[in-house]
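Q: Attaching a single structure in structure tokens format; questions to follow.
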Amino acid sequence: MRYSLGIDAGGTYTDAVIIRDSDGKVIDLNKSLTTYPDLLAGIKNSLDGLDPANLEKVRFASVSTTLATNSVLEDTGSNVGLILVNESVIPNRSGIEHFICVKGGHDNSGNEICPLDIESVKLFVSNVKSKISAFAVSSYFSVRNPDHELKIKELITDLTGLPVVCGHELSQDLGAYERGVTAYLNARLIPVAKDFMSAVQNELYRRNPDINIMMLKCDGSMVGIREALKKPIESVFSGPAASLVGASYLAGLETCAVIDVGGTSTDISLIHEGIPKLSDAGAMVGGWQTKVKAINMETSAMGGDSHVWVRNHVTNIGPKKVIPLCFAATIYPEIIEKLQKGQVILRNQYGENIQSTKFFVRTGKTPTGLSSSEKELLDRIGETPLTVSEIYWNENRLPSPGTLDLLIRKKLIRAIGFTPTDALHVLGEYNEWNAEASKIAASRLAALIGIDEFEFCTQLKKRFARNMALNLVSFILEKVDRDEIDKVLQGDVFARFRIDVPVVLLGGPVSAYQSEIDSIIDAKIIIPENEKVGNAVGAVTGKGVSRLEVLIQSNFSESKYNLRAKSFVVFYPGGKKEFSDYHEAVKFGEKIGTKIVLEYMSNSGLDENEVKIDISKKDIHVHDVGLPLETRLVFLGIGEAR
């Protein structure tokens, strides 16, 4: 009996599931809290909750993780030198410290625009090699001719021996700067990803040395460890991709929309005929526009752990995340007594951080580089949660909200507060943790706006459900103004939006919102079994997918009477080749594209014989010319990973 293991290290929880290969059933699962900054500790905890006898039968494992996303957002990657060829401007806001722009590059036909300024490259490399751990290179139209990128890579390897990432290796899309950004971020992530995956491999092999390990990419496909370590940037947003694939698998649907309610955010995505819908623009990560193929996703900064706070009789949800009071009270029971005692806060002092229901506690992270005000405040916060009134109890004043924010961003303290998850505990629709803390806090917040706690939580629940529906409809109707959609959802009208694909809900307490969503939109709502670990299921049930494009460009000679094609150039990843006959060019394009797809699948640990390749042909014609001006061969290879 063969089993497969899926692991998802998400923003709040790290989940592990074991699936029986013979019938696809989930036979074992466990959830544990995600641990920062060491994700491995959370993975160990999640694996410890699985039956060791089941783990011994596992032969295949796949991992999805927030590691790459967190590293980019928190700016914790390695130092990298960026070399752009024939790109004269790098935005000042980029924050890239070591870079150079040199002459060189090619045109749309792959012809050299001007010779590569290799001497400037050599001087730059010599000056920065002791300050960085890798290089990134992007040249103008390198997708048509990578010669200049490859020459720079060879030079850097000879001079330094450091890793070099080229733009054409990561993307076939036009845009030298965006390819440069993608290569830059990828180079920064390589050491981080290598350390993490080596630790994960060692942990899994310690438990079972016969496991074949893969990773989930942000397009919802799987890739072998060797390929994943070359391109760790492709694992950004693999969590949302895992939820989409997992929802499709658990619901038994090849086509569906998915609403994934996490602790930090609510994500909407779509899968069609087993293939996730991708973003045309590429993944946007921490303000960086990349050329990474990622699922198309609508994200709202409203999740189960979003902070609910009141000011001037108005209830606010998020965007910041806190530890729910119901959960915190299971770790720190003294919170209940402190909530009952209450605090003296003037109405004009209320704000997101100054709330009668909010607490602060140290994370244990070692502080460095603090200002005097940050150090003074941090010294007053310990390992036991404190209310804002308790922090400066002997000085009869409240802490600075801005300084509290700085300490939270630096991960030196964590905030505890009321959340949508607490509201569901008050209403009795979710009973995972301590409802008493939630009820006391709800009564205090409700009093600030003049209603009782049940009305307060009911309104909060309806607002959360409407936000889910708004995100779904605006995602489906992407060309319709979001505000206009919201007017319909909130209006008292005899009309509703209808969604023509099934909608699958994932996330801890989503069943509590089903009836509310049903009343807002017309859709078939599905909550599958084991939806709480949908991401881990998606991590292990994805497919191996390879997408690439081969371009055939016609070169014409002009006579007095007509245009005549004189040659045909085939551009493919890593090279180009010229032909005198169009049909020979197409034949070569199909052959080289198929070869590249199969090589990628093989390097990803998939059986080439199990790979299906679909080739679509798109021609562009001009008037009175028989042969196409341009032909694009689009390859889609799909293989079963397990």
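The values are calculated or read from the model by the stated rules, or taken from the named source; none is laboratory data. Keep in mind the model is a prediction, meaning the values are calculated, not measured. Positions of Cβ are generated from backbone atoms using ideal geometry, with glycine treated the same way; all protein chains shown enter the neighbour counts. Side chains are part of the model used for accessible areas, which takes the heavy atoms of the whole protein and leaves out ligands, DNA and RNA. Shrake-Rupley method; radii C 1.70, N 1.55, O 1.52, S 1.80 Å.
Q: Take the residues of region 392-414 that are among the aliphatic types (A, V, I, L, M) and open to solvent by 10 Å² or more (accessible area, probe 1.4 Å): which is nearest to Arg463 (Cα to Cα)?
A: Among residues in region 392-414 that are among the aliphatic types (A, V, I, L, M) and open to solvent by 10 Å² or more (accessible area, probe 1.4 Å), the one nearest to Arg463 (Cα to Cα) is Ile408.
Q: Conditions: (1) in a helix (DSSP H, G or I); (2) within 21 Å of Ala281 (Cα to Cα); (3) open to solvent by 40 Å² or more (accessible area, probe 1.4 Å); (4) of a type outside the set (Gly, Ala, Ser). Glu154 meets all but one. Number of the miss?
A: Tallying (1) in a helix (DSSP H, G or I); (2) within 21 Å of Ala281 (Cα to Cα); (3) open to solvent by 40 Å² or more (accessible area, probe 1.4 Å); (4) of a type outside the set (Gly, Ala, Ser), Glu154 fails exactly one: (2).
Q: Still on this structure, I have one more. Do we have any residue at all in region 456-463 that's over 24 Å from Lys277 (Cβ atoms) and among the aromatic types (Phe, Trp, Tyr)? First the steps, then the outcome.
A: From region 456-463, those over 24 Å from Lys277 (Cβ atoms) are 456-463; that's our starting set.
Now narrow it down to the ones that are among the aromatic types (Phe, Trp, Tyr): 456.
The answer is yes, given that some residue of region 456-463 is over 24 Å from Lys277 (Cβ atoms) and among the aromatic types (Phe, Trp, Tyr).
Q: Condition first: in contact with a His (Cβ under 6 Å, 6 or more places away or on another chain) and charged (D, E, K, R). Now tell me which residues in region 304-324 satisfy that.
A: Lys320
Q: A further question follows. Find all pairs meeting these conditions: Cβ atoms under 9 angstrom apart; at least six residues apart or on different chains; first residue within region 106-123 and touching a residue at least 24 places away in the same chain (Cβ under 8 Å); second residue among the acidic types (Asp, Glu) and surrounded by 15 or more Cβ atoms within 10 Å (Cβ to Cβ).
A: Qualifying pairs under 9 Å: His106/Asp147; Gly110/Asp147; Glu112/Asp147; Leu116/Asp147.
Q: Here is a further query. Any chance region 507-521 includes a residue that's open to solvent by less than 20 Å² (accessible area, probe 1.4 Å) and on the phi > 0 side of the Ramachandran plot?
A: Yes: one or more hits.
Q: If you check Ser604, Ser557, which single one turns out to be at pLDDT below 80, small (Gly, Ala, Ser) and surrounded by 12 or more Cβ atoms within 10 Å (Cβ to Cβ)? Working first, answer last.
A: Values: Ser557 fails: surrounded by 12 or more Cβ atoms within 10 Å (Cβ to Cβ).
After applying the criteria, what remains is Ser604.
Q: Examine region 240-247 for a residue that is under 25 Å from Asp500 (Cβ atoms), β-branched (Val, Ile, Thr) and either open to solvent by 20 Å² or more (accessible area, probe 1.4 Å) or in contact (Cβ under 8 Å) with a residue 60 or more places away in the chain (or both), and state whether such a residue exists.
A: yes
Q: Shifting gears a bit: Can you find a residue that is among the polar types (S, T, N, Q), open to solvent by less than 30 Å² (accessible area, probe 1.4 Å) and touching a helix residue (DSSP H, G or I) at 6+ places or on another chain (Cβ under 8 Å) anywhere in region 453-469? Before the answer, list the steps.
A: Of all residues in region 453-469, those among the polar types (S, T, N, Q) come to 458-459, 467.
Now narrow it down to the ones that are open to solvent by less than 30 Å² (accessible area, probe 1.4 Å): 467.
Now restrict to residues that are touching a helix residue (DSSP H, G or I) at 6+ places or on another chain (Cβ under 8 Å): none.
No, region 453-469 has no match at all.
Q: Moving to a separate point now. Which residue, of Lys194, Lys151, is modelled with pLDDT under 85, out of contact with any strand residue (DSSP E or B) (no Cβ under 9 Å at 6 or more places or on another chain) and not aliphatic (A, V, I, L, M)? Walk me through how you get there before you give the answer.
A: Working: Lys151 fails: modelled with pLDDT under 85.
It is Lys194.
Q: Next question, about the same structure. Name the pairs: first residue in region 40-51 and over 14 Å from Leu29 (Cβ atoms), second residue open to solvent by less than 10 Å² (accessible area, probe 1.4 Å) and among the acidic types (Asp, Glu), Cβ to Cβ under 8 Å, at least 6 apart or on different chains?
A: none
Q: Something else about it: Given the structure, is Tyr184 of a type in the set (Ser, Thr, Tyr), touching a residue at least 12 places away in the same chain (Cβ under 8 Å) and crowded, with 24+ Cβ neighbours inside 10 Å?
A: Numbers: of a type in the set (Ser, Thr, Tyr): yes; touching a residue at least 12 places away in the same chain (Cβ under 8 Å): yes; crowded, with 24+ Cβ neighbours inside 10 Å: yes.
Yes, satisfied.
Q: Name the residues in region 160-195 that are of a type outside the set (D, E, K, R), farther than 19 Å from Ser142 by Cα and part of a helix (DSSP H, G or I), would you?
A: Thr160, Leu189, Ile190, Pro191, Val192, Ala193 - these are the residues of region 160-195 that are of a type outside the set (D, E, K, R), farther than 19 Å from Ser142 by Cα and part of a helix (DSSP H, G or I).
Q: While we're here: Restricted to region 387-431, and to residues that are of a type in the set (Asp, Glu) and assigned to a loop (DSSP other than H, G, I, E, B), which residue is farthest from the chain's Cα centre (by Cα)?
A: Glu395
Q: Does Ile43 meet the test of being assigned to a helix (DSSP H, G or I), β-branched (Val, Ile, Thr) and open to solvent by less than 10 Å² (accessible area, probe 1.4 Å)? Steps first, answer last, please.
A: On the way: assigned to a helix (DSSP H, G or I): yes; β-branched (Val, Ile, Thr): yes; open to solvent by less than 10 Å² (accessible area, probe 1.4 Å): yes.
Answer is yes for this residue.
Q: Within region 570-588, track down each residue that is in a strand (DSSP E or B) and either at pLDDT below 90 or in contact with a Gly (Cβ under 7 Å, 6 or more places away or on another chain) (or both). So that I can check it myself, show each step before the final result.
A: First, the residues of region 570-588 that are in a strand (DSSP E or B): 570-572, 575-579.
Residues satisfying the conditions are Val570, Phe571, Tyr572, Gly575, Lys576.
Q: Going through region 449-499 one residue at a time, which ones are among the small types (Gly, Ala, Ser), part of a helix (DSSP H, G or I) and in contact (Cβ under 8 Å) with a residue 60 or more places away in the chain?
A: Going through region 449-499, the residues among the small types (Gly, Ala, Ser) turn out to be 450, 465, 469, 474, 491, 495.
Right, trim to part of a helix (DSSP H, G or I) and you get 465, 469, 474.
Once the filter is applied, which keeps residues that are among the small types (Gly, Ala, Ser), part of a helix (DSSP H, G or I) and in contact (Cβ under 8 Å) with a residue 60 or more places away in the chain, region 449-499 yields only Ser474.
Q: Here's another thing I want to ask about it. Output the number of residues of region 90-141 satisfying the condition of being open to solvent by 20 Å² or more (accessible area, probe 1.4 Å), hydroxyl-bearing (Ser, Thr, Tyr) and within 19 Å of Leu162 (Cβ to Cβ).
A: Total satisfying the criteria: 4.
Q: Are any residues in region 201-239 under 13 Å from the mean Cα position of the chain (by Cα), over 16 Å from Tyr600 (Cα atoms) and open to solvent by 20 Å² or more (accessible area, probe 1.4 Å), and if so, which ones?
A: Phe237
Q: Report whether or not Ser78 is at pLDDT below 90, exposed (fewer than 15 other Cβ atoms within 10 Å of the Cβ), among the small types (Gly, Ala, Ser) and assigned to a loop (DSSP other than H, G, I, E, B). It would help to see each step written out before you state the result.
A: Numbers: at pLDDT below 90: yes; exposed (fewer than 15 other Cβ atoms within 10 Å of the Cβ): no; among the small types (Gly, Ala, Ser): yes; assigned to a loop (DSSP other than H, G, I, E, B): yes.
So Ser78 fails the test.
Q: Identify the residue in region 359-379 that is buried (at least 16 other Cβ atoms within 10 Å of the Cβ) and over 29 Å from the mean Cα position of the chain (by Cα) and, among all such residues, is nearest to Ala441 (Cα to Cα).
A: Phe359
Q: Mind checking which residues of region 427-448 are open to solvent by 10 Å² or more (accessible area, probe 1.4 Å), touching a residue at least 24 places away in the same chain (Cβ under 8 Å) and either within 18 Å of Pro333 (Cβ to Cβ) or in contact with a Cys (Cβ under 9 Å, 6 or more places away or on another chain) (or both)?
A: Taking region 427-448 and keeping what is open to solvent by 10 Å² or more (accessible area, probe 1.4 Å), we get 427-436, 439-440, 443-444, 447-448.
This time we only want the ones that are touching a residue at least 24 places away in the same chain (Cβ under 8 Å), so: 427, 429-430, 432-436, 440, 444, 448.
Within region 427-448, Leu427, Tyr430, Glu432, Trp433, Asn434, Ala435, Glu436, Ile440 meet the criteria.
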